[in-house]
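Here is the structure we will look at.
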Amino acid sequence: MSLSSRERSLRVFARTIECAVVALTVVNCSQQQPGIPQNIPLRSYWREVYHTSPLTYRPAFNLGPAREVWRSNPVLAYDTFFVGSEYRGERDSCGIDPVAITAAAISPPEYVLVQDSGWIVDEVLPGQVNPRPHADGLRLFQAFYIPADSVVPVFVIPRLIQLQANGTYAWRGVYGFAYPGGALYPAIWLNSRQIEDHVITQPINRRPYSVLAHEMAHILVDPLNFPGDSTWTDNSTPFLHIETHIGFTRKTRVSAVGPGPVQSVVADDMNRKTLMAFGIEDACILARTHFPFVLPVLP
């Protein structure tokens, strides 16, 4: 049965409208929502706060590997007590999708770097061992964090400084750090020139692309669920996972296709992005139920 020219025209028109609606939907979905996204389940929110100095390496705020860790990688489940160093296999991925809120710039003269390079985050007082937040670190944190807000600020600074008891500057030789509590919680501080140097000079598997994801793990997993516990702190277990440092010897699975024994390997930036479960402690479950920073919208 043939269609009349009017029927054909109506169908073409309807198809055009349908395609336009689909195109509009795709475009809308590909754009970051202004402000804090609403009613999106299992998202965590992170705001880049970067210093406007040309020495700042802004790619240190690298959300791609963080999304890969929390949304894409399957969780490896290991036996609590090993018989031949076995692991149980893989579970579903976390399903957390970190969302970057619009970046905020730190501009001089209000926020001047020390020697145009560093920012004093913490200090060690005479006669003390443990550092405490420095007034400059507190000032910067308080300027960009709203109390009880779910958005975690991530400060991208060229070089991070610890003020010593004798008044000298100690350049922090780490990629970055997160505060597990106290006056600067929640906050991540990235040592961007340290990250840039290793991104440029290290072999591809040793380049620190997952620094942000590593520090997110401290915020999403550690403080609320295990106060005072070192279960998920740096290098606390013999297994490769997001909080294992590059270069440390750790255990990982031998086979890529199913449950089996594990072997010792040196952690690099490729094999340290994996989340893990060990007995009843599951990094994914803990992170997904960290309500202050993950939106638990019901389906």
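What fraction of the DSSP beta bridges in the range 37-288 is antiparallel, stated in percent and rounded to the nearest 5?
Taking every DSSP beta bridge with both residues in the range 37-288, the antiparallel ones total about 50 percent.
Work through the residues other than residue 80 whose Cβ is under 13 Å from its Cβ and net out their charges, Lys, Arg +1 and Asp, Glu -1.
Once all neighbours under 13 Å are counted, the net charge is -3.
Which GluC sites (Glu not before Pro) in the range 88-123 sit in a loop by DSSP (not H, G, I, E or B) and have at most 10 other Cβ atoms within 10 Å of their own Cβ?
Counting only loop positions with at most 10 other Cβ atoms within 10 Å, the GluC sites (Glu not before Pro) in the range 88-123 are 110.
Read-outs throughout are calculated quantities, based only on the coordinates presented, and are distinct from any laboratory measurement. Just so it is clear, the structure is predicted and the values come from calculations on it, not from any experiment. Every residue, glycine as well, gets a Cβ built from its backbone with ideal geometry; the counts of neighbours run over all protein chains shown.
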